[in-house]
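The values are calculated or read from the model by the stated rules, or taken from the named source; none is laboratory data. Worth saying up front: this structure is predicted, and the values here are computed from it rather than measured. Note that we place each Cβ from the backbone using ideal geometry, even for glycine, and neighbour counts take in every protein chain shown.
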Amino acid sequence: LLLVLFIIVWKQQEKRRSNVSLMKNRKANKIARMRLQKAAKLRKENDEKAFYDELAQALWGYIADKFNIPKSNLSVDTVKETLRAQHVDEQVTDNFVNTLHNIDFARFAPGDSGGKMENVYNEAMNAIMQAEKQLR
């Protein structure tokens with residue numbers, strides 16, 4: 001009897017693991033948090049370029065994994081459309097998009113970085129947390 005139960009449970013888990021898009025969706029938040037932790041470490045090391053690259057990867061990767069969108073198809077418009085299609089609040093969608101813009105601006109525009117890294121990091125963390133809360 002235990003053997004039969006074990007086999008049934010094992011088959012169900014195997015079936016879940018074989019669904020790649022479902023696994024990516026489930027792990028999107030965890031992977032984004034790991035990238036944010038890495039970005040925090042880079043911020044402490046004062047490595048601006050790597051920091052902003054990691055933040056961008058966290059946000060873009062979160063959307064790509066959460067909604068099974070190939071990274072080559074990602075754009076700000078795709079993010080807006082996808083979040084709206086999932087009935088995410090307009091404010092949360094706008095915050096997410098603005099955070100992406102702020103990261104790109106910080107990555108590619110020269111300027112004073114004093115305190116900016118901390119602000120952008122907090123924006124990115126909040127954007128992911130708000131989106132995740134809305135999508136549950």
- List pairs: first in region 26-42 and without any contact (Cβ under 8 Å) to a residue 60 or more places away in the chain and closer than 15 Å to ALA131 by Cβ, second among the acidic types (Asp, Glu) and surrounded by fewer than 18 Cβ atoms within 10 Å (Cβ to Cβ), Cβ under 9 Å, 6+ apart or cross-chain? ALA28/GLU132
- Query: If you check LEU83, LEU59, which single one turns out to be over 14 Å from ALA28 (Cα atoms), in contact with a Leu (Cβ under 9 Å, 6 or more places away or on another chain) and surrounded by 18 or more Cβ atoms within 10 Å (Cβ to Cβ)?
  - Reply: LEU83
- Looking at region 62-77, which of its residues are surrounded by 12 or more Cβ atoms within 10 Å (Cβ to Cβ) and under 17 Å from ASN25 (Cα atoms)? TYR62, ILE63, ALA64, ASP65, LYS66, PHE67, ASN68, ILE69, LEU74
- For region 93-104, indicate whether the set of residues that are farther than 13 Å from ALA124 by Cα, of a type in the set (Ser, Thr, Tyr) and either in a helix (DSSP H, G or I) or within 13 Å of the chain's Cα centre (by Cα) (or both) is non-empty. no
- Checked against (1) surrounded by 12 or more Cβ atoms within 10 Å (Cβ to Cβ); (2) at pLDDT 85 or above; (3) among the small types (Gly, Ala, Ser), SER113 satisfies every condition except (2)
- Message: Any residue at all in region 87-101 that's touching a residue at least 60 places away in the same chain (Cβ under 8 Å), farther than 17 Å from PHE67 by Cα and crowded, with 19+ Cβ neighbours inside 10 Å?
- Response: no
